[in-house]
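K.L.:
What follows is a single structure, and I will ask about it in a moment.
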Amino acid sequence: MAEATDRIITVEGVDTRELYGANNVYIEQIKALHPKLRIVARGSTLKVLGNARDIDDFEHKMQGLIAYYNRYGHISKEVVAQSFSRGFNASEEPAENGDVIVYGNNGSVIRARTVNQRKMVELDRKCDLLFATGPAGSGKTYTAIALAVKALRDKQVKRVILTRPAVEAGEKLGFLPGDLKEKLDPYLQPLYDALNDMIPPAKLQKFMEDGTVQIAPLAYMRGRTLDNAFVILDEAQNTTLSQIKMFLTRMGRNAKFIVTGDVTQIDLPHRSDSGLTRAMNIVKGINGIGCVEFDKRDIVRHELVKHIVEAFDRDAEERKQRLAEQRPDNNDTNNKNI
C-alpha cells in the first residue's frame, strides 16, 4: 500500500467564491469525485491528503478547472464533472462556437452576431489599431469590450483601459450633484454595464482596485504611455482632432487600440469640430490600422431601434434637401429665369 502524503495547492488569480461555489457546492462535488483523497479548502489554499499519484492527478485537473474559469468566467456542476472525469484543455474552442468571442457571467455566450461584428473580430487579430463606426445599437462598443476581456483572460495584455470624452449630451455637467467622479460616472456607465456582463462582480471589483481594469474620461489619458494594454476610446465622434491625436499617440509597446463612434450623434457645440472622420482619413492606408463601418443591418437592440434610425436618417435627408432648395444661389438662378 502506497504511503499517504499531503500537499498544499495554492489557488492564484481566481475568485475562490466563484471557484468553490455558493456554500462550497463545487468543492463538495470535487470531494465526492475523489473519495480516496481528503481535501480541505481554506481561502486560497487547498490541503490535499492521500496517495501521491492521486494527488498529482487531482492537481492537474484542478489547474484545468482554474484555466477554464479564467478563460470563460464561469463554472457549473457540469463543468466540474467534465474537468474531474476526463479533464479538458480550456484553450480549445469547439468548432460550432467559432463566432464566440468570450464567455460572460453565468455561462452566457458573447459572440459576433452580424457580418460587421465578425469583420471586427477578424481585423482585431490582424491590426493593433481599429476604427469601428456606425449607428447606435450595432454592437461596436460591446464587441470591442468583449475583445478586450478576451485579450486579458488570454494574458495577451496586462490591463484594459476604457475611456470616453466627457461631453455634455444636452445636460450641464456642472449642475450634477457630487464630486468629480460622481459627476463623470454616469457618462461612463455603458462601459461598466458591458464589463458587468463579462466579468464576475467580485473579480471586476478587484480588477478596478488594482488597476487591471481602468475606466476614465479621455482627458485623463494625456501624458500617459499605455504599454501591455487593450485600450478602447468610445464615443469618439465627440473628440476634436487634437484630442483624438493625443489619444492615438498614447499607444505603447504591446498595445491594442479600438476607437468607436457614431458620426450621426455628435454632441460637440459645433459638429464640424468632430475629429473622428478626419482622423480616419489622415491615417488611412497605414499598415496595421483597420476600419469597420457598421450600418443599420448590424443593429442588434430592439427591432424598433432599426426603424427609429431609418426614420431619423430620412428626416436628415429631407432637411438637407430643403436647405439646398433654399440656398441663395438657387433663388438667384430662379430670378434670372423669370
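K.L.:
Considering every residue within region 61-73, establish whether at least one is surrounded by 17 or more Cβ atoms within 10 Å (Cβ to Cβ) and on the phi > 0 side of the Ramachandran plot.
P.N.:
Yes; the residues of region 61-73 include at least one that is surrounded by 17 or more Cβ atoms within 10 Å (Cβ to Cβ) and on the phi > 0 side of the Ramachandran plot.
K.L.:
If you take the residues of region 68-106 that are under 24 Å from residue 6 (Cβ atoms) and not hydroxyl-bearing (Ser, Thr, Tyr), which of them is modelled with the lowest pLDDT?
P.N.:
That would be 87.
K.L.:
Residue under question is residue 203, and the condition is that it be assigned to a helix (DSSP H, G or I), among the basic types (Lys, Arg) and under 30 Å from residue 17 (Cβ atoms); does it hold?
P.N.:
Spelling it out, residue 203 is indeed assigned to a helix (DSSP H, G or I), among the basic types (Lys, Arg) and under 30 Å from residue 17 (Cβ atoms).
K.L.:
I'd like the residue in region 286-313 that is touching a helix residue (DSSP H, G or I) at 6+ places or on another chain (Cβ under 7 Å) and basic (Lys, Arg) and, out of all such residues, is modelled with the lowest pLDDT.
P.N.:
Residue satisfying both the conditions and the ranking: 306.
K.L.:
What number of residues within region 23-43 satisfy the criterion of being under 21 Å from residue 12 (Cβ atoms) and surrounded by fewer than 12 Cβ atoms within 10 Å (Cβ to Cβ)?
P.N.:
2
K.L.:
It is to be established whether one or more residues within region 135-143 are in contact (Cβ under 8 Å) with a residue 40 or more places away in the chain, outside any loop (DSSP other than H, G, I, E, B) and over 29 Å from residue 186 (Cβ atoms).
P.N.:
Checked region 135-143: no residue is in contact (Cβ under 8 Å) with a residue 40 or more places away in the chain, outside any loop (DSSP other than H, G, I, E, B) and over 29 Å from residue 186 (Cβ atoms).
K.L.:
Restricting the search to region 103-134, which residues are outside any strand (DSSP E or B), open to solvent by less than 30 Å² (accessible area, probe 1.4 Å) and touching a strand residue (DSSP E or B) at 6+ places or on another chain (Cβ under 9 Å)?
P.N.:
104, 112, 116, 117, 120, 121, 124, 127, 134
K.L.:
Of the residues that sit in region 232-285 and are touching a Ser or Thr at 6+ places or on another chain (Cβ under 9 Å) and of a type in the set (Asp, Glu), which one is modelled with the lowest pLDDT?
P.N.:
273
K.L.:
Of (1) surrounded by fewer than 18 Cβ atoms within 10 Å (Cβ to Cβ); (2) touching a residue at least 12 places away in the same chain (Cβ under 8 Å); (3) under 24 Å from residue 203 (Cα atoms), residue 54 satisfies all except one. Which?
P.N.:
(3)
The values are calculated or read from the model by the stated rules, or taken from the named source; none is laboratory data. All figures in this text were calculated on a predicted structure; none of them were measured in a lab. Quick reminder, even Gly has a Cβ in these numbers, built from the backbone with ideal geometry, and neighbours come from all protein chains shown. Side chains are part of the model used for accessible areas, which takes the heavy atoms of the whole protein and leaves out ligands, DNA and RNA. Shrake-Rupley method; radii C 1.70, N 1.55, O 1.52, S 1.80 Å.
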